[in-house]
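What follows is one structure encoded as structure tokens, with my remarks underneath.
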Amino acid sequence: MSRPVIGIIGNSHLINDSYLVQAAGDMNMQAVKDVCDAIPVIIPADPAVVDVNDLLCACDGFVFPGGRPNVHPEEYGEAETEAHGAFDRNRDRVALPLIRACVAAGLPILGICRGFQEMNVAFGGSLYPEIRDLPGRDNHRMPPDGTIEEKFAMRHRITFTEGGVFHRLMDANEVMTNSLHGQGIKVAGDRIVIDGTAPDSTPEAIHVKDAPGFALGVQWHPEYKAGMDAVSRPLFAAFGRAAAAWADGKRMPVRRSA
């Protein structure tokens, strides 16, 4: 049986300040190839060149990765401010309807950082523009200096809901993760279940209630050393199994990896 195809939503970049491209991080592609045992394909985040229905037919799962631009606050009924940072309206117009369509169909999805936030917004939730500005909250942003290893180092623990999806998947109710985000969930969407939080109560793990397929999101970056990390590997492995089952014409609930 051929390996499943997993689409990784691209991010828009300028090369030499003039040539526009769509790109995906090597870490995400490597995690999909090695841990999901799947074929990674970059999906252009531009509604002028992709159609949601075509994507549902072409892929067996989707990763909605992190990205520097944030979801535009108009998508959750708020006005744009300087604190909201940069935007990519084309990615909003691809990612949000694609998330809803995948969940409705039962097609597996994994949201990472911005993708986690997109999942919340797709189901009517809202976001804080800057977590570190809130009373009692920590700075969750990536360190501005240092090596890749230092930037992706473990920063804080995540506590999962006892007996919840992530507790069962990880076979642990507390894990350590990295932290490289500025925004975070303000109000959870109608079907968004917060299944894990940081010590300052920032939501860090979610799933979509009553989704017929794999529909999980994490605020941290599990793609970093995914094949070796005790938290990342079971997450990507479960996602890969769900994508393989979809490719085989089946749906698969989340299970704890062996």
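The values are calculated or read from the model by the stated rules, or taken from the named source; none is laboratory data. Quick caveat, the model's predicted, so the values are computed rather than measured. Quick reminder, even Gly has a Cβ in these numbers, built from the backbone with ideal geometry, and neighbours come from all protein chains shown. What goes into the accessible areas is simple: the full protein's heavy atoms, side chains included, and nothing from ligands, DNA or RNA. Shrake-Rupley method; radii C 1.70, N 1.55, O 1.52, S 1.80 Å.
Sort out which residues of segment 108-133 are open to solvent by 40 Å² or more (accessible area, probe 1.4 Å) and either in contact with a strand residue (DSSP E or B) (Cβ under 6 Å, 6 or more places away or on another chain) or closer than 25 Å to His207 by Cβ (or both), and write them in order of number.
Passing the criteria: Gly124, Tyr128.
Checking Gly184 against (1) over 20 Å from Tyr76 (Cβ atoms); (2) modelled with pLDDT under 95, which single condition isn't satisfied?
(1)
From the list Ala105, Ala188, which one is open to solvent by 20 Å² or more (accessible area, probe 1.4 Å), aliphatic (A, V, I, L, M), within 24 Å of Arg68 (Cα to Cα) and in contact with a helix residue (DSSP H, G or I) (Cβ under 7 Å, 6 or more places away or on another chain)?
When all the criteria are applied, what remains is Ala188.
Is segment 67-83 home to any residue that is under 18 Å from Ser12 (Cα atoms) and among the aromatic types (Phe, Trp, Tyr)?
No, that holds for no residue.
Can you work out which of the residues in segment 214-241 that are part of a helix (DSSP H, G or I) and of a type in the set (D, E, K, R) is surrounded by the most Cβ atoms within 10 Å (Cβ to Cβ)?
Arg241
Which of the residues that make up segment 191-207 are touching a Lys or Arg at 6+ places or on another chain (Cβ under 8 Å), open to solvent by 10 Å² or more (accessible area, probe 1.4 Å) and among the hydrophobic types (A, V, I, L, M, F, W, C)?
Result: Ile192, Val193.
In segment 160-178, what residues are part of a loop (DSSP other than H, G, I, E, B) and either hydrophobic (A, V, I, L, M, F, W, C) or in contact with an Asp or Glu (Cβ under 8 Å, 6 or more places away or on another chain) (or both)?
Matches in segment 160-178: Thr161, Gly164, Ala172, Asn173.
I'd like the residue in segment 28-42 that is open to solvent by 60 Å² or more (accessible area, probe 1.4 Å) and among the aliphatic types (A, V, I, L, M) and, out of all such residues, is nearest to the chain's Cα centre (by Cα).
Ile42
Would you please name the residue that is most open to solvent (accessible area, probe 1.4 Å), looking only at residues in segment 134-159 that are closer than 16 Å to Pro203 by Cβ and not in a loop (DSSP other than H, G, I, E, B)?
So, considering only residues that are closer than 16 Å to Pro203 by Cβ and not in a loop (DSSP other than H, G, I, E, B), the one most open to solvent (accessible area, probe 1.4 Å) is Arg157.
Taking segment 114-135 as the region of interest, how many residues are without any contact (Cβ under 8 Å) to a residue 40 or more places away in the chain and small (Gly, Ala, Ser)?
Selection size over segment 114-135: 0.
For the subset of segment 67-81 comprising residues that are assigned to a loop (DSSP other than H, G, I, E, B) and of a type in the set (Asp, Glu), which member is surrounded by the most Cβ atoms within 10 Å (Cβ to Cβ)?
Glu78
Go through Asp17, Asp60, Asp51 for me and flag whichever is modelled with pLDDT of 95 or more and open to solvent by 60 Å² or more (accessible area, probe 1.4 Å).
The unique qualifying residue is Asp51.
Within segment 175-182, can one find any residue that is surrounded by 17 or more Cβ atoms within 10 Å (Cβ to Cβ), more than 16 Å from the chain's Cα centre (by Cα), under 17 Å from Asn139 (Cβ atoms) and not aromatic (Phe, Trp, Tyr)?
no
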